[in-house]
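The values are calculated or read from the model by the stated rules, or taken from the named source; none is laboratory data. Since this is a predicted model, take the numbers as computed values, not measurements. Backbone-built Cβ (ideal geometry, glycine too); neighbour counts: all protein chains shown.
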Amino acid sequence: MNASIPVDVLGVQVAGEGQTPLVLLRELAEPHRIVPVAIGGNEAVAIALGLQRVETPRPMTHDLLVDVLASTSTAVEQVTITEVRDGTFIAEVALSGPHGPRTVDCRPSDAIALAVRLEVPVFVAESVVDAAGVALMLEPPDDEGDADAEGDPEELVAEFRSFLDSVDPGDFS
């Protein structure tokens, strides 16, 4: 079985000329590679609302699923992006409930939308991070610059978002 790497869900960014939404996942440990996953517009909204803890007047689909899981005493333990198959990311949701543990295949965007609502860990298979992860490095400091040679993580994210503005999402497949 492939080892999995814990990641943070940084947020959603629109990239390239086609304005494709990407959810940005950042490896928790060094070197903090970022895995951009192309998603649909509705899914981007669902993830962004979940990250911002926005409550809508009526439950959205992912909110409904959270309620259904709770009503059946089923918990989401974690979500994992397990592989990239023909340029498509594949994910699974690990559940536990009265009938024991279960794993459900799903789209990464749906898994992430659930994870951010339930505040459960998100993982990405090591092979996926190796294949699709982007390591960002800031310019090394000059003699008079900052002492932090690795750069501020927020600056790295800002630099990556700038990079995304000029990239075609097809470059990641």
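Details
- Unmet requirement for V120, which otherwise passes all of (1) at pLDDT 95 or above; (2) outside any loop (DSSP other than H, G, I, E, B); (3) within 21 Å of A3 (Cα to Cα); (4) not aromatic (F, W, Y): (2)
- Here is the figure for the stretch 1-29: residues that are farther than 16 Å from T80 by Cα, free of Cβ contacts under 8 Å to residues at least 24 places away in the same chain and outside any strand (DSSP E or B) total 1.
- The stretch 53-102, subset polar (S, T, N, Q) and in a loop (DSSP other than H, G, I, E, B), residue farthest from F123 (Cα to Cα): T56
- The number of residues in the stretch 84-129 that are touching a residue at least 24 places away in the same chain (Cβ under 8 Å) and on the phi > 0 side of the Ramachandran plot comes to 1.
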